[in-house]
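Bear in mind that the values in this text are calculations on the coordinates, not laboratory data. Keep in mind that this is a model prediction, so the values were computed, not measured. Cβ placement follows ideal geometry from the backbone for every residue including glycine, while neighbour counts extend to all protein chains displayed.
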Amino acid sequence: MSNGTKLFTIGFTKKNARTFFELLKTYGINRLIDIRLNNVSQLAGFTKKDDLEYFLKTICNIEYLHIVSLSPTDELLRKYKMKIIDWDAYEREFNELLRSRKPEDIIGIEKLANSCFLCSEPTSDKCHRRLVAEYYKKIYPEIEIIHI
């Protein structure tokens, strides 16, 4: 893969459907990789799995993948949401989980080019999508991470 492989991340919260899909089109996303643990909740709105897969193909001609192994466990997410652990502890535990799962064996750099990790958080600073993107950048230093 040539230098400058772009890997994007996006959260759907605080975005309406028009903004969300226009961003994906503007950035030239080829593949949306859903890394949410739960992608069928009513809270997901227009990003519920079946709806999202249809909208992506119809509106943007974007491939949809859901890769749960890039998600936190129920237990880890619960501990963070209930404030049993802080962000630093969550980040450490999630990074350890990623290392043990070896996501590079599941999806390699050829599938990451012009792909976008999807999660729900409006920003990437305290979201596991940033951690997943950074994990891949350690393995493939030529990746450029762009949070949209």
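Can you confirm whether residue 107 is within 16 Å of residue 32 (Cα to Cα), over 15 Å from the mean Cα position of the chain (by Cα), aliphatic (A, V, I, L, M) and surrounded by 12 or more Cβ atoms within 10 Å (Cβ to Cβ)?
Answer is no for this residue.
Quickly run through segment 100-132 and pick out the residues that are of a type outside the set (Val, Ile, Thr), part of a helix (DSSP H, G or I) and within 24 Å of residue 46 (Cα to Cα).
Correct list: 112, 128, 129, 130.
Hey, among 93, 75, which residue is surrounded by 15 or more Cβ atoms within 10 Å (Cβ to Cβ) and free of Cβ contacts under 8 Å to residues at least 24 places away in the same chain?
Only one candidate qualifies: 93.
If you go through segment 128-136 one residue at a time, do you hit one that is closer than 22 Å to residue 26 by Cα, surrounded by fewer than 21 Cβ atoms within 10 Å (Cβ to Cβ), among the charged types (D, E, K, R) and in contact with a Lys or Arg (Cβ under 8 Å, 6 or more places away or on another chain)?
no
So residue 136 ticks every box in (1) touching a residue at least 24 places away in the same chain (Cβ under 8 Å); (2) of a type outside the set (A, V, I, L, M, F, W, C); (3) over 17 Å from residue 5 (Cβ atoms); (4) part of a helix (DSSP H, G or I) but one. Which box is left unticked?
The single condition residue 136 does not satisfy is (3).
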